[in-house]
Amino acid sequence: MPSNRTRLMLKTAAATLFVAGTLAAVGGFIVLKAGWYNIAATALHMQPVHDVLEQGMRESVAYRSRDIQVPPQLVAPQRIAAGAHVYHAKCAQCHGAPGFAQADHGQAMQPVPGPLVNAARRWKPAELYWITRHGIKMSGMPAWEFHLTDHEIWDAVAFIQHLPTLTPAAYRAITAGAAARAEPAPEAPTQQPDVGRGRIALAQYACQSCHIIPGVTGPRVYVGRSLDSLADQKYIAGTLPNTQDNLVRWIRNPQGIDPQTPMPALGVTERDARDMAAYLLTR
């Protein structure tokens, strides 16, 4: 049994930690409410803060990608050529390429998107796949799971492995050739709607930027109507009977139903729209 002195020391340590945690929380709340923390992208992270966040990201990616199986013959020439088009269309604007500068938004982001010319030395293929598919929260790195096929993501990873070998002229040649050969990927056959996937799809198509959606984190905006209790509504867009098939039609092609609607066509695939509709009709 611990002695009275040991128990007293443990109680004192616990009380000290509780008080310190409370003071830190109160201090953080004061800084938040006072607006003292500068969120401007022109205010750089302090280097120790940047280093801690970078290390946390690396550990998180390594942990979550540990069971991903890399496809055989990842760096096959055909896969590299296909990945060149994906990279040039989706990645180069923020990460640059040999002889190809980042776009203005890529240069001005904080934290700045790192160059991928040497990414194969710093990241394993499975880690690059995980990052490309899922993105990095609070960094500007988007998740491509709902905008690229799984095969296209691996194509991009294959091209990143090849990227350090390219001169500027070789990069221009391979991306031009890949763009000329590229064809739209066929949609996967329709599957049973996946409610959980639909919630993520709504976020990945940025639906919460205009609508309040239960269970989808976003700003409290009122550009479009709240989608809470959508299943209780009799009509969609004031004209369509509220069925899952009609909601899918509306999500995929709103102007085809109401030419005056400000809701944009987002290029939502059939599968994604069915998952999104399934989620919305359960709220």
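The values are calculated or read from the model by the stated rules, or taken from the named source; none is laboratory data. No experiment lies behind these values; they were computed from the predicted model shown. Every residue, glycine among them, receives a Cβ derived from its backbone with ideal geometry; neighbour counts consider all protein chains shown. The protein model used for the area step is the full one, side chains on, heavy atoms only, and it has no ligands, DNA or RNA in it. Shrake-Rupley method; radii C 1.70, N 1.55, O 1.52, S 1.80 Å.
Restricting attention to region 70-88, the residues that are in contact (Cβ under 8 Å) with a residue 12 or more places away in the chain and either surrounded by fewer than 19 Cβ atoms within 10 Å (Cβ to Cβ) or in contact with a Pro (Cβ under 7 Å, 6 or more places away or on another chain) (or both) total 5.
With respect to (1) touching a residue at least 40 places away in the same chain (Cβ under 8 Å); (2) in contact with an Asp or Glu (Cβ under 7 Å, 6 or more places away or on another chain); (3) over 13 Å from Y205 (Cβ atoms), the lone exception for D275 is condition (3). With respect to (1) more than 26 Å from S139 (Cβ to Cβ); (2) outside any helix (DSSP H, G or I); (3) touching a helix residue (DSSP H, G or I) at 6+ places or on another chain (Cβ under 8 Å); (4) modelled with pLDDT of 90 or more, the lone exception for R66 is condition (1). Remark: I153 falls outside the filter, which requires a residue to be open to solvent by less than 50 Å² (accessible area, probe 1.4 Å) and within 20 Å of E54 (Cβ to Cβ).
Does H151 count as touching a residue at least 12 places away in the same chain (Cβ under 8 Å), outside any loop (DSSP other than H, G, I, E, B) and farther than 22 Å from Y63 by Cα? Judged against the criteria, H151 is a match.
Residues that are touching a helix residue (DSSP H, G or I) at 6+ places or on another chain (Cβ under 8 Å) and farther than 17 Å from M263 by Cβ were ranked within region 205-222; the one that is surrounded by the most Cβ atoms within 10 Å (Cβ to Cβ) is G215.
I need the full set of residues from region 245-264 which are touching a helix residue (DSSP H, G or I) at 6+ places or on another chain (Cβ under 6 Å) and open to solvent by 60 Å² or more (accessible area, probe 1.4 Å), in order please. R252 - this is the single residue of region 245-264 that is touching a helix residue (DSSP H, G or I) at 6+ places or on another chain (Cβ under 6 Å) and open to solvent by 60 Å² or more (accessible area, probe 1.4 Å). Checked against the criterion of being out of contact with any strand residue (DSSP E or B) (no Cβ under 8 Å at 6 or more places or on another chain) and in a loop (DSSP other than H, G, I, E, B), region 17-36 has at least one qualifying residue.
Screening region 216-283 for helices (runs of 4 or more DSSP H) wholly inside it with 1 or more residues that are closer than 12 Å to G198 by Cβ and either of a type in the set (A, V, I, L, M, F, W, C) or at pLDDT below 90 (or both) returns the ranges 244-252, 270-280. Each residue in region 224-244 was checked for being open to solvent by 60 Å² or more (accessible area, probe 1.4 Å) and not polar (S, T, N, Q), and 7 of them qualify.
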